[in-house]
Every structure is written in C-alpha cells, then in structure tokens.
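Each remark here refers to the structure printed beneath this line.
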Amino acid sequence: MTVMPAPDEAANTSRTQTRKDKARPATPEDSAPIMRRVKTKLTSRWATAAAVIIATIWTVPTFGLLVSSIRPAAKQVGPRSDGWWNFFADWDFTFKNYVDVTAAAGSQSANLSQYFVNSLAIVIPVTVFVLVLASMAAYMFAWGNFKGREWAFIIVFALQIIPLQMALIPLLTLFTQVLQIPPGSYTQLWIAHTMFGLPLGIFLLHNFISEIPGEVIEAAKVDGADHTTIFWRIILPLSVPALASLAIFQFLWVWNDLLVALVFSGGTADVAPITQRLAEISGTRGNKDYLNPAAAFVSIIVPLAVFFGLQRYFVRGLLAGGLKG
Amino acid sequence: MEFLGGKFLQVFIALAVFAALIGLIMLIVDRAPKSVKDRLTIVGFLAPAVILMLVGLVYPAVQTSILAFTNASGQPNGADNFVWMFTQPEALVTLRNTVIWTVLVPLLSTGFGLAYAVFIDKARGEKVLKALVFMPMAISFVGAGIIWKLVYDYRGPGIEQTGVINALRVMLGMDPKQFLLDAPENTIFLIIVMVWIQTGFAMVILSAAIKGVPMELVEAARLDGANAWEQFRNVTVPGIRGSLVVVLTTITIATLKVFDIVRTMTAGNYDTSVVANEMYTQAFRAGEPGRGAALALILFLLVLPIVVYNARVLRQQREIR
C-alpha cells in the first residue's frame, strides 16, 4: 500500500536508466562511470549464470501451466496421464480445452466467456471512475486554496491503512439493506471498487500534480482561467503519464481481485468476474480438472498483455508511489 | 452471445450517468456567482471523492470496530470474540500461521529480490531477465494458486507424477509428497507462492535503488581493497537502506492481508488458514460477523504500527535531504 514518495530519487534512477540504455553502443559523450559499468557488466559471467537460473525457476511454473493447457484431457488426468514436460516428447496438442472453457454450453460448463465479459464490464467503468474522481480531488489537494488542506490530505493518505477487510461487512449491509441496490447488477462492485481505489489514487496523482510548476497555473489564472478550465486544459493533459500508471494499477487490482467480488457479486454468471469463477472451478475436485490450466490461462492473458505492453508505466508508477496491498 | 447486449448496455448506462454527474458538477461551479465560485468549485471537486471515502472506508471501519464486540445475533458480548480468538485451538492456528507468513514472506522476497537485483545489474539481457521475475506481479493470486497447485500436484507412489516437484522427488528416489495436505509444513508451501509473486516487486524497487548508489563510492571502496561482498555490504546496502525499509514494510502489509492464495489452494483447510481468510470464513460463511469483525480489527491493529513506522522513516529521509 505505501509508499515511496521520493519522486526525485525515482527521477534520478529513471534518468540513469535511460542513459545506460543509450550507452550500450558506447558513444564518446558517455561519462566515465557508465563506461565502467558497461565493462563490469561484460566481465561478470557468474552473475549472469545465477540470474538465468533464478529466472528459469521463476518462469517454469507459468510455462508448465501454458503447456498443460494445450494437452489433451487423457494426458492430464486418468491412467495415461503424465507430467506436462512429456509434451516435448509426444507433441500431442489440442485447443479443445480452450474451446470447452469458453464456448461449451450447459450448466456443467465453465462458461468463461460470460465471466470474462463480466470482468471487463467491472474493470472498465471502475478505472474511469477512479481516474476522474481521484484527479479532481488530487488537483484540489495540490492547488486548491482552502483552510486545512494539508491536514485533509494527510487524512486521505492515512485512509490507506484501513484494510479492505474492515469495510466489507458494514458496506454489504449498507448496499443491500439501506440503499437497496438490487443484486444481480454490477452496481455494488463498481461502487465498492471505486471507494477502495480512491485513497491511493488521490495519493499517487497528488504526488505528480503538486510537482507541476506553479508558474504554469499562475499564468493561466492571469489569463482569466478558472479552476475548471485549468483542470481540464492544463492539469489533465500534463498528468497523462501519472494517469497511465494509475490506470494500469487500477486495472490490474480490479481484474485480479477475488475478495471484493466474493462479497459483492452474488456469484452468478450475470455479474461475477472471471477470478471468482476460476476459484470456483478449481476448488471443486472432479473429472473436469484438466480444464483448469486452460481456464487459468484465459484469466491471466489480459493482465499479462497489459503488463508486457505497458511495463514502462507500471514500473514508473511503482517507483513513484506505491502499491496497494 | 445475446448476453453481451445486456452487459454492454449496463456499462454504457453507468458511464453515461457518471459523465452526466461530472458534467453537472462542472456546470454548477461554472455558472455560480463570482462571490462563491471559488469555494463552490473546491467543494464540487472534492465532494464526490470525499463522500465515497467516508461512506466506503471511514463509516465501515467504525462499524466494524463496534461489531467486533457483538455476538452472532448482534448482541454486545464484551470481549468474547477476542477471547475466542486467543483461546480456541483452530483460531490459534490461524494466528500462528499469520505470524509465520508475516515473518517469512517479507524476508524471503526481499532477500531473493535483492540478490536478483544485484545479479542482473551485472548480467547481460537485464531487461528480459527483469521481466521474467517481475511477471508474477501481473498474475492474480487465484491464477497463481492454480499455477502452483499444478507444481505441487500429487499422484500416489508408483504412478507417473504430474507435478514438477514430485517428479523430481521420485527421480531422486524419494516418495511423492502431499504438499498441501501435510500440516504444518503445508503453510510453507503456500508461502512460497506469495514469495514467488512478491520477489518481482522487491527486485524492481531495489534494482532502481542500486542504480542510484553513486558509482564513485563503489569504485572508492574497490580501490581501498574491498572485495565484491564488502563493497555490497558496506556501500550498496547502506545506500539503499530507505528502499529496503519500504520494500519490507510494503510486503509485510500485503502479506498480512493475504487471502486469495489460501482461499484458492486450500480454502483454509488442513491448518493453513490465516487471519484475512478466517475473517471471510467467519463473517460470510459461518454466520459469525462479530468474530469476522474482531479478526478484521486485529488485522488493522497489526498493520497500523508498520505504516506509522514506514511513514516516519520516509519523513526522516526527506528531512535529511
């Protein structure tokens, strides 16, 4: 959840990183320490070997899942089953598992395409809500002119220490009994996720927005711009990198969440996200166990794509602000 | 694919309503008379987020604290829930497991992450190596649970093993093992999953911190005759102390709240439950909201000092600068 509000340090490191990247084809204007770093790099074979071993250990489990997911049922369960590594001896592969988990009809089916759509339907609005509301609040905490601004912001920061678990029971009562939000719609999940995402969202964006030079905002004020104009025309366009980082975080948390879904979704195919379905089908031992790898891979494919596609923003956000627990 | 239509419509309506609300706020503050405009703008910008946080976090936290002192039918029962927590064997196992988790996961993740960060700093193909270890961060805990169930898979002795570790055990002449069933060591095998996920986080933060340590200092130590280990021990580690604290505390907090891994892999059976999982089980499965709330309160009290410490270290660092 917390916290690395050392933007200058993060900025420094990212600067060295880009410089180092450029330094690979060693150009003359590179400074001496970087040249030295490049030299030590080339000499350390042991470090490379150790790193490769660790990386292999870290990757094998996921790789095993991928291979298992394309092996026929008989190879995964039953008397003729064997380990996924035997795939490289028999090359016996099928996409039937994927078809079964996504498209097969009937109550016995995993029916993942429905839950996949649910996940998207939950995550997209929540990301939009959090980005807009958090950036509005962060702007006021950074540049609004009101009494007790600092204190109010510290309180918002402190809200991050409330574990999700503390909010669940009363919030469910509030949603179902007081507000009477009908079950079987996404509304409860949207609102709950937005509430839980706001403190860190505000904190991350505040770090960034408060670093925008005051002259820019003063100049706009002199030109007659009010808060609304400054926010939409200046703050938001300048904050795109921070917004991108927050959007990725928010997307991954909500997509990967299980706890909030279990409490607020009701568990039907109309609303429940893919993680919840995955937990369900993997929890019931049965003759469909061979479908678990394919099902798991369907659910992690989107976060993996987001992660590999936008890794740069993800790392930047991590370094600049923190991580929700 | 008829279900798509209805779901798409729901999302569309939600986004439209939200856009309308934000538009309304902007319109009101825009049209407000000059005298109150500034103040109204501030309120308009802050109100939605503040109200949501009050209703979604502050109010429930207070409610939960009260609920922790009531029984299953909502009657006040003093400290009974806490007595239950600290006396009943099954609750004590939960507390013991939580302690094991919060000691081992931060230490192991940070240790591996730091070692790996040092290795790749001097290795070729740094980017790819980094991405491979960082990747589990993007995978859901549920997904990770399934991935590792496969790794720990068990078949009876004499049958072809399907799990990597049991296959290795058999190859080395050992008996296959039911990793998730045999208490108490099954908790360790669940912890490994969390370490697998968190190491990438530690590595990314520490790798950036290591690159921030001035090369001149390391070089000076080298010229003074320090070997690689001494350079690391006396220059690098003190240079990244702040980041180490952040990584350790962040992972500790994440570990205290861990729920999904236990839920997916054992559902808390076979003596593997932890506070966050037991909280869910008691409140939403066993019909004991009071006990659930008491466990949530304990979770809060455990997280609190870590966050305060973390915030203090960060403030001191800022002042030094």
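The values are calculated or read from the model by the stated rules, or taken from the named source; none is laboratory data. As the structure is a computational prediction, the values presented were derived from the model and not from experiment. Please note: Cβ atoms are built from the backbone with ideal geometry, for glycine as well, and neighbour counts cover all protein chains shown.
Condition check ((1) within 13 Å of chain A (Cβ to nearest Cβ); (2) β-branched (Val, Ile, Thr); (3) part of a loop (DSSP other than H, G, I, E, B); (4) touching a helix residue (DSSP H, G or I) at 6+ places or on another chain (Cβ under 7 Å)) across all residues:
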| site | (1), (2), (3), (4) |
| --- | --- |
| B:Gly6 | yes, no, no, no |
| B:Gln10 | yes, no, no, yes |
| B:Ile22 | yes, yes, no, yes |
| B:Ile28 | yes, yes, no, yes |
| B:Ala47 | yes, no, no, no |
| B:Thr64 | yes, yes, no, yes |
| B:Thr94 | no, yes, no, yes |
| B:Val103 | no, yes, no, no |
| B:Leu107 | no, no, no, no |
### Message
Residues that are away from chain A (no Cβ under 11 Å), out of contact with any Phe, Trp or Tyr (no Cβ under 9 Å at 6 or more places or on another chain) and aliphatic (A, V, I, L, M): list the helices (runs of 4 or more DSSP H) wholly contained in region B:185-231 that include at least 3 such residues.
### Response
B:215-223
### Task
Exactly one condition in (1) touching a Ser or Thr at 6+ places or on another chain (Cβ under 6 Å); (2) without any contact (Cβ under 8 Å) to a residue 60 or more places away in the chain is not met by B:Gln198; state its number.
(2)
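Would you be able to say whether some residue in region A:130-144 is out of contact with any His (no Cβ under 6 Å at 6 or more places or on another chain), over 19 Å from A:Leu243 (Cα atoms) and at pLDDT below 90?
If we filter region A:130-144 for residues that are out of contact with any His (no Cβ under 6 Å at 6 or more places or on another chain), which is where we start, we get A:130-137, A:139-140, A:143-144.
Cutting the leftovers down to over 19 Å from A:Leu243 (Cα atoms) gives us A:144.
Checking the rest, the ones that are also at pLDDT below 90 come to A:144.
Within region A:130-144, one or more residues are out of contact with any His (no Cβ under 6 Å at 6 or more places or on another chain), over 19 Å from A:Leu243 (Cα atoms) and at pLDDT below 90.
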### Task
Please work out if A:Asp289 is facing chain B (nearest Cβ under 9 Å), more than 30 Å from B:Leu206 (Cβ to Cβ) and either surrounded by fewer than 24 Cβ atoms within 10 Å (Cβ to Cβ) or in contact with an Asp or Glu (Cβ under 7 Å, 6 or more places away or on another chain) (or both).
no
### Residues (crowded, with 18+ Cβ neighbours inside 10 Å, within 20 Å of B:Ala183 (Cβ to Cβ) and either under 15 Å from the mean Cα position of the chain (by Cα) or hydroxyl-bearing (Ser, Thr, Tyr) (or both)) located in region B:221-274
B:Thr255, B:Val258, B:Phe259, B:Ile261, B:Val262, B:Arg263, B:Thr264, B:Thr266, B:Thr272, B:Ser273, B:Val274
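Which residues, taken from region A:181-211, are in contact (Cβ under 8 Å) with a residue 60 or more places away in the chain, outside any helix (DSSP H, G or I) and more than 12 Å from chain B (Cβ to nearest Cβ)?
Matches in region A:181-211: A:Pro183, A:Ser210, A:Glu211.
Would you confirm, using the coordinates I've provided, whether B:Asp38 is touching a residue at least 60 places away in the same chain (Cβ under 8 Å), facing chain A (nearest Cβ under 10 Å) and surrounded by fewer than 21 Cβ atoms within 10 Å (Cβ to Cβ)?
Working: touching a residue at least 60 places away in the same chain (Cβ under 8 Å): no; facing chain A (nearest Cβ under 10 Å): yes; surrounded by fewer than 21 Cβ atoms within 10 Å (Cβ to Cβ): yes.
Considered against the rule, which asks whether it is touching a residue at least 60 places away in the same chain (Cβ under 8 Å), facing chain A (nearest Cβ under 10 Å) and surrounded by fewer than 21 Cβ atoms within 10 Å (Cβ to Cβ), B:Asp38 comes out as no.
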### Message
For region B:119-134, check the following and say yes or no: at least one residue is buried (at least 24 other Cβ atoms within 10 Å of the Cβ), at the interface with chain A (Cβ under 7 Å from one of its Cβ atoms) and closer than 28 Å to A:Phe297 by Cα.
### Response
yes
### Task
Have a look at B:Gly113, B:Gly56 and point out the one that is crowded, with 16+ Cβ neighbours inside 10 Å and touching a residue at least 24 places away in the same chain (Cβ under 8 Å).
B:Gly113
### Summary
Checked pairs for region B:274-294, first of a type in the set (Asp, Glu), second assigned to a loop (DSSP other than H, G, I, E, B) and surrounded by fewer than 24 Cβ atoms within 10 Å (Cβ to Cβ), C-beta under 9 Å and 6 or more apart or across chains, list as B:Glu278/B:Gly268; B:Glu288/B:Asn71; B:Glu288/B:Ala72
### Message
Looking at B:Val164 and the list (1) surrounded by fewer than 22 Cβ atoms within 10 Å (Cβ to Cβ); (2) facing another protein chain (nearest Cβ under 8 Å); (3) aliphatic (A, V, I, L, M); (4) within 22 Å of the chain's Cα centre (by Cα), which single condition is not satisfied?
### Response
(4)
